[in-house]
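Accompanying notes for the structure given below.
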Amino acid sequence: IRGNEVFMPLDFIIGGPAMAGQGWRMLMECLAAGRSISLPGSNTGMQKMTARAVGAYARVRYQFKTAIGKFEGVEEALTRIGANTYLCDAARVFTAGAIDQGEKPSVVSAIVKFHVTERARQTVNDGMDVIGGKGICLGPQNFLGRAYQQIPVGITVEGANILTRSLILFGQGAVRCHPYVLDEMHSAQANDLVAFDKALWGHVGYTLSNASRALVMGLTGSHFVEVPADVAPETRRYYQQLTRFSAAFAYIADISMGTMGGALKRKEKLSARLGDILSLMYVASATLRRYEAEGRRSEDAPLMHWAIWDCMFRIQLAFEGVIANFPNRFFAFFIRRVVVFPLGRPYVVPSDKLGHDVARLLIAPSATRDRLTSDVYLPKGDLEDPVGALEAALLATIEAEPIEARVKQALREKRFTAGLHIGDGVDGIYADAAEAGVITAQELAVIRRKGELRDKVIRVDDFPYDFGLREALAELSDDDQQLRREAA
């Protein structure tokens with residue numbers, strides 16, 4: 001906005017003259033609130049739509065006579081889609097609840113914005129990999145292409161994720177979340193020696209306490225860590241391990257600030273890894289909170305387990321990255337062998353069996369699938385909408401599967417002979433089966449409906465070579481059209 005000699009009365013200031021000079025503070029508070037709501041909300045919405053539509057597509061689309069969603073390679077992508085969607089929605093709701101209570105969490109909003117937009121990027125990328133060419137050809141039937149184009153917007157606005165991770169997550173969080181550092185800074189600025197001594201010695205005791213706690217929990221596998229009595233039994237170990245990692249993180253953060261001081265700000269890679277630990281503990285806590293809040297449903301447990309296990313493994317990798325690149329090698333050895341991993345690294349990647357259980361939740365209708373993709377617009381009975389057509393095709397595919405299995409069994413038993421059907425494809429075999437009495441006419445209709453819907457959702461958009469040309473020419477005046485003809 002530009003202006004010349006613009007006069008603005010003091011009453012135009014938001015909050016009136018009393019709020020003069022408070023614009024930056026108000027802007028930052030709005031940024032924290034907006035970053036906690038808008039970007040997590042829009043990106044989680046994209047993830048939910050991807051989980052719903054891509055899961056259905058993976059059941060409808062067949063390759064080598066098998067639904068592609070049952071291939072282990074595709075299962076990997078579906079697993080990440082489902083678990084990341086569950087985790088991001090948990091973090092979104094948890095953080096929005098803090099905003100509802102009047103909080104203005106600047107660091108937490110950065111954590112949620114970073115993780116949700118990054119995981120949304122991976123979710124949509126995985127979805128594009130699963131649907132292949134269906135996502136490349138833009139048009140009315142492409143349900144994912146525009147979301148793929150939108151992803152960089154969420155990554156970039158409200159602070160690019162690279163800078164958010166390397167400068168903000170730990171850089172701001174270490175000061176604001178620490179019980180003593182902020183008091184030390186304020187007392188030093190105020191030349192209050194008594195307050196400074198109190199904060200300093202409290203800080204020293206806090207550091208030694210965290211080191212001893214982390215060591216004991218590491219040696220005992222954190223099995224004796226007290227957890228809330230009313231949490232789900234299957235999640236108790238996660239609470240214990242998060243407590244262990246929290247103590248180790250607090251110690252390594254203090255050692256980093258103590259040994260590097262202001263130089264830590266310039267160690268952006270180290271700061272980023274410390275930020276990863278802090279932020280992963282937050283989103284893991286949000287995931288556990290969601291599992292409890294939704295009633296500990298056993299059918300949702302695979303989503304929770306995979307998301308938490310993935311967070312724990314990533315936290316472990318971040319610790320390893322910090323230790324491997326810590327400037328003071330004596331402290332690095334001490335941190336690894338005494339504080340963080342005295343008995344070795346406890347976590348590996350989530351198991352293939354767990355990933356299989358998560359992927360299966362996406363390719364079949366269920367209450368879990370509905371909860372995972374809640375609030376996503378689903379057009380009922382509108383086969384011209386690509387998502388509506390996919391939902392119908394999914395139901396038709398599941399209805400047809402037992403009929404197809406009976407026909408295949410009858411073929412193996414040679415109860416009928418399939419003729420050569422040029423142009424009819426596989427559906428012609430089912431017509432032969434109906435003639436032989438293997439299936440009924442109603443069952444043949446189910447098979448044909450499934451085939452029609454399958455072809456509809458797999459087909460990509462195509463347009464004539466002169467698409468849009470006639471409309472463009474119709475908008476030209478007669479003189480313009482005459483000039484174009486003469487130029488040609």
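The values are calculated or read from the model by the stated rules, or taken from the named source; none is laboratory data. Because the structure is predicted, anything quoted here is derived from the model rather than measured. Here the Cβ positions follow ideal geometry from the backbone for every residue, glycine too, while neighbour counts run over all protein chains shown.
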For region 224-244, check the following and say yes or no: at least one residue is closer than 21 Å to V108 by Cβ and of a type in the set (G, A, S).
no
Count, please, the residues in region 363-408 that happen to be without any contact (Cβ under 8 Å) to a residue 60 or more places away in the chain and either buried (at least 20 other Cβ atoms within 10 Å of the Cβ) or closer than 25 Å to G428 by Cα (or both).
12
Looking only at residues that are aromatic (F, W, Y) and more than 11 Å from A51 (Cβ to Cβ) in region 79-137, which one is surrounded by the fewest Cβ atoms within 10 Å (Cβ to Cβ)?
F94
Any idea which residue in region 218-250 is farthest from V283 (Cα to Cα), counting only those that are part of a helix (DSSP H, G or I) and at pLDDT below 85?
L219
Name the single residue that is surrounded by the fewest Cβ atoms within 10 Å (Cβ to Cβ) among those in region 290-319 being of a type in the set (A, V, I, L, M) and free of Cβ contacts under 8 Å to residues at least 60 places away in the same chain.
A293
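To keep it simple, each residue is scored yes or no on (1) assigned by TED's automatic domain parsing to the domain that holds T235; (2) of a type outside the set (A, V, I, L, M, F, W, C); (3) more than 23 Å from L167 (Cα to Cα); (4) at pLDDT 95 or above.
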{"position": "L274", "(1), (2), (3), (4)": "yes, no, no, no"}
{"position": "S285", "(1), (2), (3), (4)": "yes, yes, no, yes"}
{"position": "R290", "(1), (2), (3), (4)": "yes, yes, yes, yes"}
{"position": "E294", "(1), (2), (3), (4)": "yes, yes, yes, no"}
{"position": "S298", "(1), (2), (3), (4)": "yes, yes, yes, no"}
{"position": "L303", "(1), (2), (3), (4)": "yes, no, yes, yes"}
{"position": "A307", "(1), (2), (3), (4)": "yes, no, yes, yes"}
{"position": "N325", "(1), (2), (3), (4)": "yes, yes, no, no"}
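Yes or no, residue by residue, for (1) farther than 20 Å from P386 by Cβ; (2) touching a Leu at 6+ places or on another chain (Cβ under 7 Å); (3) in a helix (DSSP H, G or I); (4) without any contact (Cβ under 8 Å) to a residue 24 or more places away in the chain:
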residue: C88; (1), (2), (3), (4): yes, no, yes, no
residue: K113; (1), (2), (3), (4): yes, yes, yes, no
residue: E118; (1), (2), (3), (4): yes, no, yes, no
residue: L163; (1), (2), (3), (4): yes, no, yes, yes
How many residues does region 179-223 hold that are surrounded by 13 or more Cβ atoms within 10 Å (Cβ to Cβ) and either outside the structural domain of A253 (by TED's automatic domain parsing) or at positive phi (or both)?
2
Does V194 satisfy the condition of being closer than 30 Å to G344 by Cβ and of a type in the set (V, I, T)?
no
Region 308-352: number of residues that are hydroxyl-bearing (S, T, Y) and over 16 Å from F245 (Cα atoms):
1
So R35, is it surrounded by 13 or more Cβ atoms within 10 Å (Cβ to Cβ), at pLDDT below 90 and in contact with a helix residue (DSSP H, G or I) (Cβ under 7 Å, 6 or more places away or on another chain)
yes
